[in-house]
Amino acid sequence: MAKQTGIIKLKGTIGGISFYKTGDGHLAREKGGVDKSRIQNDPAFQRTRENGSEFGRAGKGGKVLRNAIRVLLQNAKDKRVVSRLTKDLVAIVKTDAVNDRGLRNLQDGNLSLLEGFEFNLNGKLGSTLFAAYGKNFDRVTGDATLTIAAFSPTIRVAAPNGTTHFKVVMGASELDFVNETSTFENDATAILPYSAADTAPIALTASITAASTLPVVQVLGIEFYQEVNGQMYALKNGAYNALSVVTIDTP
């Protein structure tokens, strides 16, 4: 793999060299590889087909999760969140001890490994919120709750420069990886001043399907704002907003 350095950036294939753009810039590599039909049919590529099947299943699972929490995710994500999430989900698929290789899936894997996943490495929840919080999911009622005692924002929240206000957000989603569907509900505080004065105690609730038989994920995040002439604007278009998986609950 080579990097394009010229003024004119190429895309496409010329003379067996493929030119393309990635998050790392404009790159080039030699076109090649094994014929697709051989990979699909040759017994020598059985392991490759199995790996591809499980990778595809992880990729689809990542899309289910991202779509489920999209309301919050669109305000707090980095450029590599898709690839990072897929990598972690592939690892989870491999923990499936029920199904044969090539047939392993997320719902039979150890989904708890996803707990702590940060959707935005530019604004990690773990290095942003320093107030202790309590979180719980009641599978019988379907209620996901989050509580934070009163705290001083300037002491307990590491906000980016320019912050005048912030908001705490929480969401819960029921994930059906087999049918590629989900349910989602969320709750949030009002937009609060970023000051030394203590907030009121925070209590957030998101209610999904009662007595669900599917995996449930609970996410927690912080969004930052800047007030200008009485209007609230997402600080730097949400580049430093945090969102993280805080609970994984499986039946």
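The values are calculated or read from the model by the stated rules, or taken from the named source; none is laboratory data. Nothing here was measured: the structure is a model prediction, and the numbers come from that model. When we count neighbours, we look across all protein chains shown, and the Cβ atoms used for this are built from the backbone with ideal geometry, even at glycine. Note: accessible area is taken over every heavy atom of the protein model, side chains too, but ligands, DNA and RNA are not part of it. Shrake-Rupley method; radii C 1.70, N 1.55, O 1.52, S 1.80 Å.
Summary table below
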item	result
Tally of residues being surrounded by 18 or more Cβ atoms within 10 Å (Cβ to Cβ) and of a type outside the set (A, V, I, L, M) across segment 201-215	2
Hits in segment 108-123 - residues which are part of a loop (DSSP other than H, G, I, E, B) and buried (at least 18 other Cβ atoms within 10 Å of the Cβ)	Gly109, Phe117, Phe119, Asn120, Gly123
So Thr199, is it within 17 Å of Ala131 (Cβ to Cβ), free of Cβ contacts under 8 Å to residues at least 60 places away in the same chain and among the polar types (S, T, N, Q)	yes
Within segment 167-191, tally of residues that are out of contact with any helix residue (DSSP H, G or I) (no Cβ under 6 Å at 6 or more places or on another chain), open to solvent by 40 Å² or more (accessible area, probe 1.4 Å) and farther than 23 Å from Ala131 by Cα	5
Selection within segment 49-106 - more than 23 Å from Leu125 (Cβ to Cβ), charged (D, E, K, R) and in a helix (DSSP H, G or I)	Arg49, Glu50, Glu54, Arg57, Lys60
Verdict on Asp198 being open to solvent by 50 Å² or more (accessible area, probe 1.4 Å), under 22 Å from Leu65 (Cα atoms), at pLDDT 95 or above and more than 21 Å from the chain's Cα centre (by Cα)	no
Filter result for the condition that a residue is closer than 30 Å to Arg104 by Cβ, in contact with a strand residue (DSSP E or B) (Cβ under 7 Å, 6 or more places away or on another chain) and of a type in the set (Ser, Thr, Tyr), over Thr189, Thr183	Thr183
Qualifying residue in segment 218-236 (condition: open to solvent by 30 Å² or more (accessible area, probe 1.4 Å), among the β-branched types (Val, Ile, Thr) and out of contact with any strand residue (DSSP E or B) (no Cβ under 7 Å at 6 or more places or on another chain))	yes
Boolean, Ala158 is more than 30 Å from Glu54 (Cα to Cα), touching a residue at least 24 places away in the same chain (Cβ under 8 Å), over 16 Å from the mean Cα position of the chain (by Cα) and open to solvent by less than 40 Å² (accessible area, probe 1.4 Å)	no
Condition met for Thr247 (closer than 25 Å to Arg80 by Cβ, surrounded by 15 or more Cβ atoms within 10 Å (Cβ to Cβ) and at pLDDT 95 or above)	yes
Of the criteria (1) at pLDDT below 70; (2) surrounded by fewer than 16 Cβ atoms within 10 Å (Cβ to Cβ), which one Arg80 fails	(1)
